[in-house]
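Asker: What follows is a structure written as structure tokens; I'll ask about it next.
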Amino acid sequence: MKSRQRPPITRTETPFKTDVASPGKYKFVCIICKKGFQKNLHLEDHYRSQHGAQKLQCEYCEKTFVTSRSLEKHRPLHTGIFPFHCNVTDDCNAGFNLRAQLEAHVNQVHQGRAYSCLNCNRVFYVEKDLVKHQERCSKIDKFE
């Protein structure tokens with residue numbers, strides 16, 4: 001039995017309906033599996049990853065991505081244009097894709113700030129990363 005090929009999706013022609021499964025709860029609903037989403041972007045990412053739609057290709061190289069967010073994070077590797085920049089000193093021109101990466105850079109390089117897990121001594125440069133880690137790390141310790 002042959003599998004059906006899905007047509008490529010574009011921003012203007014998406015195979016999605018509005019308010020199909022749960023009127024009022026989700027604005028965008030997948031017509032294949034009826035899963036609902038609050039944002040069209042999340043529905044498009046779902047469709048690409050779950051239903052075999054055409055992947056997004058980087059315009060600078062052959063790499064392809066399932067989500068538009070992944071492509072956006074990859075693109076600065078070619079353009080050198082990052083959404084977050086370090087401006088702590090005039091000498092530092094480091095650029096980052098994520099605000100958390102910039103925060104970690106400032107903490108590590110410019111402020112010498114680090115957060116250590118009391119359970120396993122792993123080091124983090126963003127406090128919320130340590131908090132998330134400790135939730136998992138302490139659970140692991142309880143079962144050993």
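Residue-by-condition table, conditions (1) under 15 Å from the mean Cα position of the chain (by Cα); (2) assigned by TED's automatic domain parsing to the domain that holds K39; (3) of a type outside the set (D, E, K, R); (4) modelled with pLDDT under 90:
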site	(1), (2), (3), (4)
S49	yes, yes, yes, yes
Y60	no, yes, yes, no
F65	yes, yes, yes, yes
C92	no, no, yes, no
R122	no, no, no, no
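Asker: Right, A21: at pLDDT below 90, hydrophobic (A, V, I, L, M, F, W, C), more than 24 Å from the chain's Cα centre (by Cα) and not assigned by TED's automatic domain parsing to the domain that holds D129 or not?
Answerer: Values: at pLDDT below 90: yes; hydrophobic (A, V, I, L, M, F, W, C): yes; more than 24 Å from the chain's Cα centre (by Cα): yes; not assigned by TED's automatic domain parsing to the domain that holds D129: yes.
Against the criterion (at pLDDT below 90, hydrophobic (A, V, I, L, M, F, W, C), more than 24 Å from the chain's Cα centre (by Cα) and not assigned by TED's automatic domain parsing to the domain that holds D129), A21 qualifies.
Asker: Within 26 Å of R69 (Cβ to Cβ), among the basic types (K, R) and touching a Phe, Trp or Tyr at 6+ places or on another chain (Cβ under 6 Å): is that true of R136 in this structure?
Answerer: no
Asker: While we're here: Step by step: first the residues of segment 59-97, then only those that are assigned to a loop (DSSP other than H, G, I, E, B) and touching a Phe, Trp or Tyr at 6+ places or on another chain (Cβ under 7 Å), then the one that is nearest to K35 (Cα to Cα). Which residue is that?
Answerer: The first filter runs over segment 59-97 and keeps only residues assigned to a loop (DSSP other than H, G, I, E, B), leaving 59-63, 66-67, 75, 80-83, 86-94, 97.
Filter once more, keeping what is touching a Phe, Trp or Tyr at 6+ places or on another chain (Cβ under 7 Å): 82, 97.
On the way: F82: 33, N97: 29 Å.
Only one residue tops the list, namely N97.
Asker: Hey, does segment 30-49 have a residue that's in contact with an Asp or Glu (Cβ under 8 Å, 6 or more places away or on another chain), part of a helix (DSSP H, G or I) and surrounded by 13 or more Cβ atoms within 10 Å (Cβ to Cβ)? Explain how you work it out, then say what you get.
Answerer: Filtering segment 30-49 for residues in contact with an Asp or Glu (Cβ under 8 Å, 6 or more places away or on another chain) gives none.
No: segment 30-49 contains no residue that is in contact with an Asp or Glu (Cβ under 8 Å, 6 or more places away or on another chain), part of a helix (DSSP H, G or I) and surrounded by 13 or more Cβ atoms within 10 Å (Cβ to Cβ).
The values are calculated or read from the model by the stated rules, or taken from the named source; none is laboratory data. Predicted model, so just to flag it, every value in this text is computed and none were measured. Every residue, glycine as well, gets a Cβ built from its backbone with ideal geometry; the counts of neighbours run over all protein chains shown.
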